[in-house]
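**Student:** The structure is given below, and queries will be raised subsequently.
The values are calculated or read from the model by the stated rules, or taken from the named source; none is laboratory data. These numbers were taken from a predicted model, which means no experiment stands behind them. Reconstructed Cβ throughout: ideal geometry from the backbone, glycine too, with neighbour counts over all protein chains shown. For the accessible areas, the whole protein counts, side chains as well, though only heavy atoms, and no ligand, DNA or RNA atoms are used. Shrake-Rupley method; radii C 1.70, N 1.55, O 1.52, S 1.80 Å.
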Amino acid sequence: MSETVVVVVPDADILASTVAARLSIKILDAQAVHGSASVVLTGGRVAAKVLRAVRELPASAAIDWSRVDLWWGDERFLPSGDPDRNETQAREALLDKLPLDPARVHAMPASDGPDGEDAVAAAARYADELGTPLPRFDVLMLGVGEDGHVASLFPEHPVLQESGATAAVHDSPKPPPTRVTLTLSTIQSAEEVWLIAAGPDKAAPIGTVLAGGSLPARNATGVRKTLWLLDRAAAAEVPTQP
């Protein structure tokens with residue numbers, strides 16, 4: 001049965017350091033057990049802070065980065081190298097400084113890739129890369145939007161009904177309008193799902209979700225653990241435990 005844990009720290013900087021430390025240990029533990037580790041990355045300001053913090057941790061030197069698979073939960077369907085792509089931000093923050101195996105860095109297709117501007121074909125290509133059965137995801141990290149969305153799964157959007165491993169998103173309520181995302185069923189296959197949020201604009205949706213409200217983030221759950229990693233401002237409306 002999946003365990004839900006809420007961790008609250010004082011501010012966004014401490015949150016980034018906390019997540020980075022947990023991530024480094026999780027990767028080391030996964031490599032000790034399985035020989036490799038598989039991590040799904042997210043985007044956004046806090047995610048970039050986390051990756052920069054990983055780089056500064058002494059523990060990161062103990063990780064065999066050549067035995068880490070990196071995936072993405074979603075991606076803005078923009079040209080390669082576009083500064084708004086999650087991949088670009090991750091590479092600048094951390095990945096380009098690590099001795100990664102390029103074959104194990106599984107970036108989502110770009111709009112100037114082999115499928116051109118066909119986001120549906122690009123999503124299908126990523127599903128093929130994921131394979132069947134899905135990879136073991138040791139950790140799948142997600143940000144939480146002001147509307148309670150995760151990855152590119154927005155409230156009341158048709159993409160929530162997609163049943164494949166991935167989906168193309170058109171008419172996203174946040175720019176850019178076209179994206180590629182993992183579906184909820186893929187997210188739910190991860191051993192651990194970490195939902196990471198900072199700032200007062202996240203307090204209302206997080207409070208709603210943790211009170212049982214119906215937003216996409218409520219369904220972002222891990223097989224073994226669902227971990228909410230929040231700063232104090234984002235946790236302002238978390239229901240108190242009896």
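**Student:** In a shell of Cβ-Cβ distance under 11 Å around Tyr126, excluding Tyr126 itself, what net charge do Lys and Arg (+1) and Asp and Glu (-1) give?
**Tutor:** Net local charge, Tyr126 excluded: -4.
**Student:** For Lys202, give me every one of the lysines with a C-alpha distance below 20 angstrom, ignoring sequence neighbours fewer than eight places off in its own chain.
**Tutor:** The reachable lysines, counting only those whose Cα sits under 20 Å from Lys202, are Lys49, Lys174.
**Student:** Once the piece of chain linking Leu134 and Val6 is laid out straight, how much longer is it, given 0.36 nm per residue of separation minus the C-alpha distance between them?
**Tutor:** Taking 0.36 nm per residue and subtracting the Cα distance, the gain is 43.4 nm.
**Student:** Next question. For region 12-22, just list the computed ³J(HN,Hα) in residue order, Karplus coefficients 6.51, -1.76 and 1.60, θ = phi - 60°, integers in Hz, with x standing in for Gly and Pro.
**Tutor:** Coupling constants for region 12-22: 5, 5, 5, 4, 4, 5, 5, 5, 4, 5, 4 Hz.
**Student:** In deg cm²/dmol, rounded to 500, what helix-only [θ] at 222 nm does the chain give when every DSSP H run of at least 4 residues adds -39500 (n - 2.57) and the total is split over its residues?
**Tutor:** Helices in the chain give a 222 nm mean residue ellipticity of -8500 deg cm²/dmol.
**Student:** Can you tell which of Asp138, Asp74, Asp11 shows the greatest fluctuation in a Gaussian network model of the chain with Cα springs below 10 Å?
**Tutor:** Of Asp138, Asp74, Asp11, the most mobile in the Gaussian network model is Asp11.
**Student:** Relative contact order, percent, of the chain when contacts are C-alpha pairs under 8 Å separated by at least 6 residues?
**Tutor:** Across the chain, relative contact order equals 24 percent.
**Student:** What is the local net charge at Ser80, summed over the other residues whose Cβ is closer than 9 Å to its Cβ (Lys, Arg +1; Asp, Glu -1)?
**Tutor:** -2
**Student:** Highest GNM mean-square fluctuation, the chain, Cα pairs closer than 10 Å: which of Ala16, Ala61, Ala47?
**Tutor:** Looking only at Ala16, Ala61, Ala47, the largest GNM fluctuation is found for Ala61.
**Student:** If one computes the Cα centroid of region 179-242 and of region 81-141, what distance in Å separates the two points?
**Tutor:** 23 Å
**Student:** Considering only the other residues whose Cβ falls under 15 Å of the Cβ of His106, what net charge follows from Lys and Arg at +1 and Asp and Glu at -1?
**Tutor:** -2
**Student:** Assuming a ≥ b ≥ c are the square roots of the Cα gyration tensor eigenvalues, decide whether region 93-147 counts as rounded (a/c under 1.5), prolate (otherwise, with a/b larger than b/c) or oblate.
**Tutor:** rounded
**Student:** Taking a point 7 angstrom from the Cα of Ile14 along the C-beta vector, which residues in region 201-242 have backbone N less than 15 Å away?
**Tutor:** 229-236
**Student:** I'd like the accessible area for Trp194, computed on protein heavy atoms only with a 1.4 Å probe and all protein chains in place. Round to 10 Å², please.
**Tutor:** 10 Å²
**Student:** Over the chain, with a Gaussian network built from C-alpha contacts below 10 Å, which listed residue (Val169, Val33, Val180) shows the highest mean-square fluctuation?
**Tutor:** Val33
**Student:** Solvent-accessible area per residue for region 8-143 at a 1.4 Å probe radius, Å²?
**Tutor:** Result: 44 Å² per residue.
**Student:** In region 195-239, carbon and sulfur make up what percent of the accessible area (probe 1.4 Å)?
**Tutor:** Looking at region 195-239 in its full context, I get 47 percent from C and S.
**Student:** From Cα pairs below 8 angstrom and at least 6 apart in sequence, can you work out the relative contact order of region 150-242, rounded to a whole percent?
**Tutor:** Reported relative contact order: 29 percent.
**Student:** May I pose another question? Need one word for region 140-209: rounded, prolate or oblate. Basis is the Cα gyration tensor (sqrt eigenvalues a ≥ b ≥ c); a/c below 1.5 gives rounded, then a/b vs b/c decides.
**Tutor:** Here region 140-209 falls in the oblate category.
**Student:** Follow-up. Which value, in Å², gives the accessible area per residue of region 162-242 when a 1.4 Å probe is used on the protein heavy atoms?
**Tutor:** Solvent-accessible surface per residue comes out at 43 Å².
**Student:** Run the accessible area of region 17-159 with a 1.4 Å probe and give the carbon-and-sulfur part as a rounded percent.
**Tutor:** 52 percent
**Student:** Then there's this: Got a sec? Which residues in region 158-181 would a label at Val120 touch, if it sits 7 Å along Cα→Cβ and we count backbone N under 11 Å?
**Tutor:** Correct set: 168.
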